[in-house]
Each structure stands twice: as C-alpha cells, then as structure tokens.
Amino acid sequence: MLKPIATAIFVLLAASGPLVGAEPLGATSVDGRYRVVLSGDLADAPIGPFLEYDFALTDARGVRVDGAVVTIDGGMRHHGHGLPTTPQVEALGDGRYRIVGLRFSMPGAWHIVLTVRTEEGMDRAEIEFVL
Ligand SMILES: [Cu+2]
C-alpha cells in the first residue's frame, strides 16, 4: 500500500528540486526521534572525489545528541546500486558528527540514509538529492 505513495512523493521531490522538503540541508528521521542538519548541500556535491560532511544531530526537542552510533548507507534507486564507497561516521562531540569517505560516482538521483542508534532508540534519516 505504501509503495505507490512513496514513489509519488519521490517523483514530486525530484521534479521540484534536489533535496527533501522545505529544509534543504536537513532531514527529520522517519519516526521523528532525531533531526540531522548537514554542513553542506549534497546537491552541490562534486562527482568523483572523496567528500566529508559534518552534521548536527538533535532530538525531537532540538537538544543535541551525543554518543550516538551513526551508520550511513545509500545509493541510486533508479540504477539499483548502493554507494560506491563505504563511508563512516565519526563523532566530533557536542552533538556533531562527520561523514568521511563519501563519494558519488555519476550524475542522477541519489539518497543517503543515516541510521542513528542511541539508548533512546534507533531511527533513520533519509536525504534525497540529484547530482
Ligand atoms: Cu548509478
């Protein structure tokens, strides 16, 4: 039941701009537990080089979240492949984190998924963008 809706949302987003919603550098996790705000616009990412992005992680009330274990995944749905590298997420302290080893290998519609695990629970934040 949900799949056609998700597809429709994706098409609308792809048509309207490179990033999700009205908050271009950030994303709220699927279950609303966390919010991620990136240091840079992924839609401006160059294709080819290894990239680093910092992000701030807060809970639903806007309180910075330290000590989270964050993993990153993603890829290109239309091409049926994942990320070309295995990026890592490092904790910087004060609710800030750094994605290292991220790389985009071709133009098109990409997404990344940040999976956040803390004692409060696990949730995923997804960001869609077009390169
Ligand atoms: Cu591809």
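So for region 64-84 (the condition being among the hydroxyl-bearing types (Ser, Thr, Tyr), over 13 Å from the mean Cα position of the chain (by Cα) and at pLDDT 95 or above), does at least one residue qualify? The answer is no, given that none of the residues of region 64-84 is among the hydroxyl-bearing types (Ser, Thr, Tyr), over 13 Å from the mean Cα position of the chain (by Cα) and at pLDDT 95 or above. Looking at region 78-130, the strands (runs of 3 or more DSSP E) lying wholly inside it that each contain 3 or more residues that are more than 12 Å from the ligand (Cβ to nearest atom) and open to solvent by less than 30 Å² (accessible area, probe 1.4 Å) sit at 96-102, 109-118, 121-130.
Restricting attention to region 67-119, the residues being touching a residue at least 60 places away in the same chain (Cβ under 8 Å) and aromatic (Phe, Trp, Tyr) number 1.
Could you check how many residues of region 38-50 are under 28 Å from Thr118 (Cα atoms) and either open to solvent by 20 Å² or more (accessible area, probe 1.4 Å) or not aliphatic (A, V, I, L, M) (or both)? Qualifying residue count for the region: 4. All of Ala43, Ala15, Ala27 fail the test of being under 15 Å from Phe129 (Cα atoms), part of a helix (DSSP H, G or I) and at pLDDT 90 or above, apart from Ala43. On inspection, Gly93 does not qualify as on the phi > 0 side of the Ramachandran plot and within 14 Å of the chain's Cα centre (by Cα).
The values are calculated or read from the model by the stated rules, or taken from the named source; none is laboratory data. It should be emphasised that the depicted structure is a prediction, and the values quoted were computed from it without experimental measurement. In this analysis, Cβ positions are derived from the backbone assuming ideal geometry, glycine residues included, and neighbour counts consider all displayed protein chains. Protein only, heavy atoms only, side chains kept; ligands, DNA and RNA dropped before computing areas. Shrake-Rupley method; radii C 1.70, N 1.55, O 1.52, S 1.80 Å.
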